[in-house]
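The values are calculated or read from the model by the stated rules, or taken from the named source; none is laboratory data. Please read these numbers as outputs of a predicted model, since none were measured by experiment. When we count neighbours, we look across all protein chains shown, and the Cβ atoms used for this are built from the backbone with ideal geometry, even at glycine.
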Amino acid sequence: MVNVDRFVFALVDARLMAFLWIAAYGIVLVYVRRLLLVLETGRTRQRAFSAACGAVILFLGWLSFGGQSLVFRWLGIGGVGDIPFMSLVWGFICTLWAVLDGVFVLYAMRLWSLLWSLLAHRQADVGRWLFAYRRWLIGIWAGVMFGFYGIYFTHALVVFQKYRLDLGDLLTISFFFVRICGVFWVVFEGMLAVLMYQIYRLLVRAQA
């Protein structure tokens, strides 16, 4: 038998951690994009992008820590209980986390290619090409991940209600989804580590 209380506390703690992590991601993303704008065009204004990031962070905070009852009524699933909703929110945050990791890899590749061109006087075509199609790539990646999230948890809730599973079973299914997202976190953040190391080497060589 799964210890439901242990899983509930883990969900609450992990949800808070993930929300703060994504908020930090959003702030860093604003400044990384600003740096790219300076290197590419010389301008720094990005009010619409900053406002959009702020709105997403505020929405996630509201959704995670106060908006569940309203969303339940709007979706017409008010009878499934608070614990399944926590699983849905946690899964959504983890999905967004994976999407943002992919976005950061794309921006880091562009930053590396720009610095390579400026400091090594050589063109890095891969990073430039990927960034040229960034809207398509980000849209496809976000669509795949959020589509998978929707399909996964739709079936999870159907199975939960149809077969009258224990809450612990649903939480186990939810944590399995987190592990799937974790694979992408490890891959993308490993790529980020390599790219940041390459950027560091470029800057060190430029100062030598």
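Can we say TYR107 is without any contact (Cβ under 8 Å) to a residue 60 or more places away in the chain and either of a type outside the set (Gly, Ala, Ser) or farther than 21 Å from VAL32 by Cα (or both)?
Answer is no for this residue.
Show the residue pairs meeting these rules: Cβ distance below 8 Å; 6+ apart or different chains; first residue within the stretch 143-163 and in contact (Cβ under 8 Å) with a residue 12 or more places away in the chain and over 14 Å from ILE180 (Cβ atoms); second residue exposed (fewer than 13 other Cβ atoms within 10 Å of the Cβ) and among the hydroxyl-bearing types (Ser, Thr, Tyr).
If the second residue must be exposed (fewer than 13 other Cβ atoms within 10 Å of the Cβ) and among the hydroxyl-bearing types (Ser, Thr, Tyr), no pairs are left.
Cβ-Cβ distance below 9 Å, separation of 6 or more or different chains: which pairs start in the stretch 37-49 with a residue that is under 17 Å from TRP112 (Cα atoms) and end on one that is assigned to a helix (DSSP H, G or I)?
Between residues of the stretch 37-49 that are under 17 Å from TRP112 (Cα atoms) and residues that are assigned to a helix (DSSP H, G or I), the close pairs are LEU39/LEU111; LEU39/LEU114; LEU39/LEU115; LEU39/LEU118; GLU40/ARG110; GLU40/LEU114.
Quick check on my filter: what residues within the stretch 155-195 are modelled with pLDDT of 90 or more and more than 15 Å from CYS94 (Cβ to Cβ)?
Those that are modelled with pLDDT of 90 or more and more than 15 Å from CYS94 (Cβ to Cβ): HIS155, GLY190, MET191, LEU192, ALA193, VAL194, LEU195.
Test PHE104 against the criterion of being in contact with an Asp or Glu (Cβ under 9 Å, 6 or more places away or on another chain), surrounded by 18 or more Cβ atoms within 10 Å (Cβ to Cβ) and modelled with pLDDT of 70 or more, and give yes or no.
Considered against the rule, which asks whether it is in contact with an Asp or Glu (Cβ under 9 Å, 6 or more places away or on another chain), surrounded by 18 or more Cβ atoms within 10 Å (Cβ to Cβ) and modelled with pLDDT of 70 or more, PHE104 comes out as yes.
Each row is one residue, and each column tells you yes or no for (1) surrounded by 13 or more Cβ atoms within 10 Å (Cβ to Cβ); (2) at pLDDT 85 or above.
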position	(1), (2)
PHE7	yes, no
ARG15	yes, no
VAL32	yes, yes
GLY42	no, no
ALA51	no, yes
ALA55	no, yes
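Evaluate the following for GLY139: is it more than 30 Å from LEU115 (Cα to Cα) and either basic (Lys, Arg) or out of contact with any helix residue (DSSP H, G or I) (no Cβ under 6 Å at 6 or more places or on another chain) (or both)?
no
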